[in-house]
Amino acid sequence: MHANTSSRHAAAVGAVVTAGALVLGACGSSGSADTNAATGASDAADAQTKIAAIIKGLDNPFFQTMKQGIDDQAKAAGVPVTVQAANSITDTTGQADKLNGLAGQDYSCYVVNPISGTNLIQGLARLSVLNKTVVNIDSPVDAAAAKSANVTLATYIGTDNVQAGKMAGARMTELVPAGGDLAVVGGIAGDVTSGARVEGFQKGIGPKLKVVQTVAANWDRQTALTAATDVMRANPNLVGFFVANDDMGLGVARAIANSGKTGKVKVISVDGVKDALEAVKAGTLDGTVAQYPYAIGLMGVEACQAAAKGKALPPNVKAPVEMVTKDNAEKALAATPKPFGTYDDPFRNLTR
């Protein structure tokens with residue numbers, strides 16, 4: 001949901017860990033001997049990998065799905081993982097306390113999804129002093145704060161939120177080619193992820209469409225419902241809404257339905273949670289740009305596995321995004337929580 005940020009923000013976050021190449025002995029005379037040696041080294045690295053993951057609140061389905069991806073990959077790889085989450089998506093202090101509590105334990109790799117760019121800095125600085133591998137997923141650690149605290153991040157894995165917004169803008173242009181007035185419902189005012197999605201949407205819409213009002217609804221469905229109701233009263237000729245996440249998008253869709261304008265006022269959101277996919281299939285939501293927290297969590301664990309094997313990690317990895325419309329909603333539902341299309345996972349080969 002929130003992770004997820006623009007490519008330039010993500011690029012600023014990524015810091016490559018300088019890792020020595022994993023050199024496998026080639027003294028055996030046969031290819032099978034070399035393969036066995038490689039397999040043994042790989043198994044040994046996985047056996048030494050112990051992962052702690054600190055994510056946002058499990059009160060949101062997006063982060064529940066992220067946890068599922070973390071757990072599934074850890075189970076498949078046979079590596080132990082401990083996942084702790086904030087009490088809510090606004091519990092910055094509680095999340096920081098959880099990281100600080102885990103920082104002194106014997107984990108080899110930490111996967112972190114901070115609520116804000118700075119709330120985990122103190123714990124991350126401690127991990128850097130201990131030379132622990134830190135994998136940043138979804139929401140980026142603030143690059144300036146990280147540099148000031150001498151925090152080293154091995155890699156960043158997350159959605160290009162500007163691109164996600166552009167996809168939504170292009171789809172809105174297709175839905176209302178005649179143009180008209182639009183409204184935007186963002187998350188928390190000043191939030192980087194929300195801002196990147198809105199920025200991308202503005203870039204993606206055609207010249208006949210104009211955003212006439214932008215409001216913040218704090219990532220909350222009921223707040224978005226109320227806000228959208230007020231916006232439609234103030235702008236009776238509105239033709240569409242862009243909403244920064246699905247939970248709010250479903251609230252906006254309800255407001256549109258309550259006003260008897262389903263189908264007349266279009267609404268596109270971002271995330272791809274199951275309830276939103278169902279709404280797209282039913283026609284109450286006109287589209288969602290699906291990002292995949294399952295894949296983000298899974299790749300976070302793979303990055304830890306690769307680091308344990310001595311592999312140099314790519315500094316910035318874009319998570320998959322897909323535009324879901326009524327035409328492909330059933331396909332998306334059948335694949336959820338995984339992407340229904342192919343995507344690049346640079347860590348997969350590094351874990352072998």
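The relative contact order of segment 158-274 comes to 30 percent, based on Cα pairs under 8 Å that sit 6 or more residues apart.
Over 20 Å apart: what share of the alpha carbon pairs of segment 248-352 falls there, rounded to a whole percent? So the pairs more than 20 Å apart make up 47 percent of the total in segment 248-352. Translational diffusion coefficient of segment 43-141 (Stokes-Einstein, Kirkwood radius from Cα pairs, 20 °C, 1.002 mPa s): 159 µm²/s. Using the Kirkwood radius over Cα pairs, work out the Stokes-Einstein diffusion coefficient for segment 139-286 at 37 °C and 0.692 mPa s, in µm²/s as a whole number. It comes out at roughly 210 µm²/s. Full extension of the segment from Lys261 to Asp327, taken as 0.36 nm per residue of separation minus the current Cα-Cα distance, would add 21.6 nm. Within the shell of other residues whose beta carbon sits under 13 angstrom from the beta carbon of Ile55, the net charge comes to -1, with Lys and Arg scored +1 and Asp and Glu -1. Here the extension length gained between Gln48 and Asp72 equals 6.8 nm, from 0.36 nm per residue of separation less the Cα-Cα distance. Per residue, the average separation of C-alpha pairs within less than 8 Å and at least 6 apart gives the chain a relative contact order of 21 percent. Around the amide H of Thr82, modelled in the peptide plane, lie the amide H atoms of Ile51, Ala52, Ala53, all under 5 Å away and 5 or more residues distant in sequence or on another chain.
Computed over the alpha carbons of segment 76-194, Rg followed by Dmax gives 18.1, 60 Å. Descending by average beta-carbon neighbour count within 10 Å, the peptides 192-200, 336-344 line up as 192-200, 336-344, the highest first. Between Arg233 and Asp181, the simple spin-label model (points 7 angstrom out along Cα→Cβ) gives 1.5 nm. If R0 is 41 Å, what FRET efficiency do you get for Asp106 and Thr342 from their C-beta distance, rounded to 0.05? Rounded to the nearest 0.05, the efficiency is 0.65.
If you take the Cα centroid of segment 50-99 and the Cα centroid of segment 164-241, the two points sit 30 Å apart.
Rounded to the nearest 500, the 222 nm mean residue ellipticity of the chain from helices alone is -14000 deg cm²/dmol, with -39,500 (n - 2.57) taken per DSSP H run of at least 4 residues.
Pairs from the table (Lys264/Lys326; Lys98/Lys132; Lys261/Lys318; Lys147/Lys311) lying more than 25 angstrom apart at Cα are Lys261/Lys318. Between Thr82 and Val129, what's the calculated FRET efficiency when r is the beta-carbon distance and R0 is 25 Å? Round to 0.05. The calculated FRET efficiency here is 0.75. Placing dummy labels 7 Å off each Cα toward the beta-carbon, the span from Lys147 to Asp59 is 3.5 nm. Beta bridges assigned by DSSP with both partners in the chain are antiparallel in approximately 10 percent of cases.
Across the chain, the fraction of Cα-Cα pairs farther apart than 25 Å, rounded to a whole number, is 52%. Label point of Ala189 set 7 angstrom out along Cα-Cβ; within segment 208-229, amide nitrogens under 13 Å from it belong to 214-218. Each label point was placed 7 Å from the Cα along the Cα-to-Cβ direction; for Thr93 and Ala282 their separation is 3.9 nm.
From most to least packed by mean Cβ count within 10 Å, the peptides 256-263, 64-71, 210-217 give 64-71, 210-217, 256-263.
Here, each number is a calculation from the coordinates, and none is a lab measurement. The shown structure was predicted, so the numbers you read here are calculated from the model rather than taken from an experiment. Counting neighbours? That spans all protein chains shown, and the Cβs are built from the backbone with ideal geometry, glycine included.
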